[in-house]
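Worksheet for the structure shown next.
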Ligand code: CA
């Protein structure tokens with residue numbers, strides 16, 4: 001359920017750079033180099049967000065933006081406008097035309113990605129909701145809440161981080177040392193048995209009665225989330 005991003009930009013090296021980096025962030029990326037082609041494409045299907053260059057062959061970005069805002073289907077489409085011009089009056093015109101955000105070239109890729117993420121979050125919170133799910137366990141990173149089925153689960157900060165770490169990589173087996181590095185940080189010097197203590201607490205919090213245990217102890221190796229659990233629960 002990755003968000004789809006349409007990049008409308010005629011500078012090929014920039015298009016490639018943005019595509020590469022946005023795909024690396026897990027977004028689905030489509031690119032087009034002309035304003036009129038973008039308009040045709042947008043009539044077929046709307047992306048979740050559009051990165052739109054100001055100066056384009058065919059129709060200019062600003063004109064395209066105005067047209068999109070006039071159509072009910074694309075009225076609310078999140079748009080980030082790119083431009084090489086930095087004049088204040090131009091910026092205001094860009095925003096007045098209906099772009100949600102505005103970024104002046106040259107910009108850094110992380111900056112653009114941060115804007116994309118922020119705009120998507122504003123536009124459709126569920127798409128970027130930081131909720132991890134594993135079987136009947138859900139971990140909400142924004143609210144820092146964990147639940148199993150209907151039951152809310154109280155976890156200490158270490159157990160929370162441990163569960164989050166495991167849920168980010170379900171099925172993978174981690175040695176105690178890897179868990180120490182990943183959860184406590186490699187700077188900290190803690191006995192590896194500490195890991196067992198916290199895994200024990202996490203299990204106790206997660207499992208009630210006959211609940212299947214989501215955590216697998218791998219003898220001589222470490223711990224993992226049991227991928228069988230993830231499929232059946
Ligand atoms: Ca251009």
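The values are calculated or read from the model by the stated rules, or taken from the named source; none is laboratory data. Please read these numbers as outputs of a predicted model, since none were measured by experiment. Note: ideal-geometry Cβ built from the backbone for every residue, glycine included; neighbour counts use all protein chains shown.
Can you work out which of the residues in region 60-70 that are surrounded by fewer than 17 Cβ atoms within 10 Å (Cβ to Cβ) and more than 16 Å from the ligand (Cβ to nearest atom) is nearest to the chain's Cα centre (by Cα)? Show your work before the answer.
Initial filter on region 60-70 (surrounded by fewer than 17 Cβ atoms within 10 Å (Cβ to Cβ)): 60, 63, 66-67, 69-70.
Cutting the leftovers down to more than 16 Å from the ligand (Cβ to nearest atom) gives us 66-67, 69-70.
Numbers: 66: 28, 67: 29, 69: 26, 70: 29 Å.
Once the filter is applied, the top-ranked residue is 69.
Checking residue 134 against (1) modelled with pLDDT of 85 or more; (2) exposed (fewer than 15 other Cβ atoms within 10 Å of the Cβ); (3) farther than 30 Å from residue 55 by Cβ: exactly one of these is not met. Which one?
(2)
Kindly indicate the residue of region 71-92 that is closer than 26 Å to residue 121 by Cβ and within 16 Å of the ligand (Cβ to nearest atom) and also modelled with the lowest pLDDT among those meeting that condition.
83
Would you point out the residue of region 43-59, among those that are at pLDDT below 90 and within 16 Å of the ligand (Cβ to nearest atom), that is surrounded by the fewest Cβ atoms within 10 Å (Cβ to Cβ)?
55
Take residue 179 and tell me if it is under 21 Å from residue 219 (Cβ atoms) and buried (at least 18 other Cβ atoms within 10 Å of the Cβ). Even if it seems obvious, please write down each step before you answer.
Values: under 21 Å from residue 219 (Cβ atoms): yes; buried (at least 18 other Cβ atoms within 10 Å of the Cβ): yes.
Answer is yes for this residue.
Quick one: in region 1-42, of everything that is part of a helix (DSSP H, G or I) and closer than 19 Å to residue 97 by Cβ, which residue is farthest from the ligand (Cβ to nearest atom)?
For region 1-42, the residue satisfying everything is 42.
If you scan region 157-178, which residues turn out to be farther than 24 Å from residue 142 by Cβ and in contact with a helix residue (DSSP H, G or I) (Cβ under 6 Å, 6 or more places away or on another chain)?
Passing the criteria: 171, 176.
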